[in-house]
Ligand code: FAD
Ligand code: NAD
């Protein structure tokens, strides 16, 4: 096996594996070092894919358990949750996707090297192979794509059984009676929803005074209301100061974030999800002289170059939203740059989706960001209650909001809470990528009856011309 490559990528997540495929397409000789047994990184193994598999299955269960299916004549008796099959479905989704990456590596003649990679000098990656041996790969370029890890909460030890991170929350063998979620962000609300749908009493403890603090505030507010209707409870402006085990039960001490009296909450399982941190452990970056920023992310310039020539970094380990599609786009960009092309990632148009029910999706600026920046804008809003297709499905919670520049009408941001928001947001992203105005969306013919008509109507509403409201 040759040990000399054009590019060696450390990490096979969405950043690394997509970078590898694009580099191979462009004629480069590529190796990817991965310490996990399977390819695909956090996303395919313990992130996007398994969480969406559980969201999908729990949603089907809840449709019947909540009586929604019966309301439209789909009556069932003897509803039962088979936990073994529930987890097996998730495992199948993981395997199909990780094997898919294996297939793509073979197809593109990319070598997967299983072991822990370390940068040992310019153009040199040493791999501690799974079997115990060491192999040194020589390469013209190194791409660091090592992703991120769970942020720990001081004093709260994660055992992945009773006190879990997202990884343990994807594996719970039974439905906890009481689930306490620390952190009202994406993971807390997605995985909190999964277990709430299956019958857990879920309480979300959030340090700030609102959930999903980086989303548009109006959307966050509505989101919290809808989740409360589904039975989730929220303790905002509250911090967890300790989790004590007493046999199978947990006693969680919380107090107001601004100080005040402490109280104790009971839980069977605690999920810690207060963000993720870049993962650079054991990579040898310090020895190699690669600089990190103030948040321990690998420091890069606008071309993904670190301060050491020939070493690049992408994905969760660098600045920017920790999202699979952002990592993928950066992977493609680095590969194309190495091939002498001039790619570009448009960080102003990266969609963000929360896969709860209803889904929440956004792209571009929030109202708060526009106000802070002193940008004058017009807003158009359209509710799903006024959309025929949403009414047919009984999925009328939520709205679409289009924010457009007051002077030029250029779309600056789109925020959606509602059915299939994650798919609807793609239309907004394309429009923004092409520099569209709200009028451009409003004048585009949208099929009837579809949920996408809400986007057109919200664009019309920017100019006060919504037709069905
Ligand atoms: P990763 O996917 O983290 O991959 C890095 C890989 O590098 C890992 O496999 C790791 O084992 C390997 N590695 C690290 N160090 C070394 C080393 N020294 N040697 C060899 N290998 C090494 N994002 C979305 O866009 N949509 C979602 O729906 C979504 N859902 C998520 C759900 C959960 C529960 C979690 C935790 C995350 C979710 N994310 C989602 C975020 C998404 O998973 C990450 O943004 C994405 O995986 C980042 O890709 P990456 O390539 O940068 O790193
Ligand atoms: P997050 O940043 O989405 O949310 C963390 C939440 O915890 C925030 O609301 C924060 O204010 C709160 N918090 C922080 N410290 C706290 C404390 N001590 N006590 C109580 N609350 C506290 O992080 P996450 O939910 O852990 O997810 C990590 C990352 O994974 C996300 O940033 C996201 O990029 C990615 N992810 C994406 C998706 C998706 O795209 N659908 C799904 C899951 C994860």
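What follows draws every value from the coordinates through simple rules; no lab data is involved. Model, not experiment: these values are computed from the prediction. Here the Cβ is made from the backbone with ideal geometry for all residues, glycine too, and neighbour counts use every protein chain on show.
Here segment 57-121 is treated as an ellipsoid with the same Cα gyration tensor; its semi-axes, largest first and in whole Å, are 43, 13, 10.
Measuring between their Cα centroids, segment 27-60 and segment 135-151 lie 17 Å from each other. Annotation: segment 1-154 has a Kirkwood hydrodynamic radius of 17.7 angstrom, from the mean reciprocal C-alpha pair distance. Reported to the nearest whole Å, the Cα centre-to-centre distance from segment 354-390 to segment 405-438 is 9. Cα centroid separation, segment 258-337 to segment 452-469: 39 Å. Using every pair of separate Cα atoms, the Kirkwood estimate puts the hydrodynamic radius of segment 352-462 at 13.6 angstrom. Counting only DSSP H runs of at least 4 residues, each contributing -39500 (n - 2.57), and dividing by the residue count of the chain, the helix-based mean residue ellipticity at 222 nm comes to -9500 deg cm²/dmol.
For segment 217-344, what does the alpha-carbon gyration tensor say about shape, rounded, prolate or oblate, given a ≥ b ≥ c as the root eigenvalues, a/c under 1.5 as rounded, and a/b over b/c as prolate? Note, shape of segment 217-344 comes out prolate. So what is log10(I(q)/I(0)) for segment 36-80 at q = 0.15 1/Å, when the Debye sum runs over its Cα atoms only? Reported log10 I(q)/I(0), two decimals: -0.52.
Look at the Cα gyration tensor of segment 407-453: its axes a ≥ b ≥ c give a/c of at least 1.5 with a/b at or below b/c, and that counts as oblate. Out of every Cα-Cα pair that the chain contains, those further apart than 31 angstrom amount to 50 percent.
Packing-based ranking of 106-113, 13-20 yields 13-20, 106-113, ordered from highest to lowest mean Cβ neighbour count within 10 Å. Expressed as cubic angstrom per residue, what is the convex hull volume of the alpha carbon set of segment 163-274? It is 91 Å³ per residue. Short to long, the 10 Å bins of the Cα pair-distance histogram for segment 7-86 hold 16, 29, 20, 16, 14, 6 percent of all pairs.
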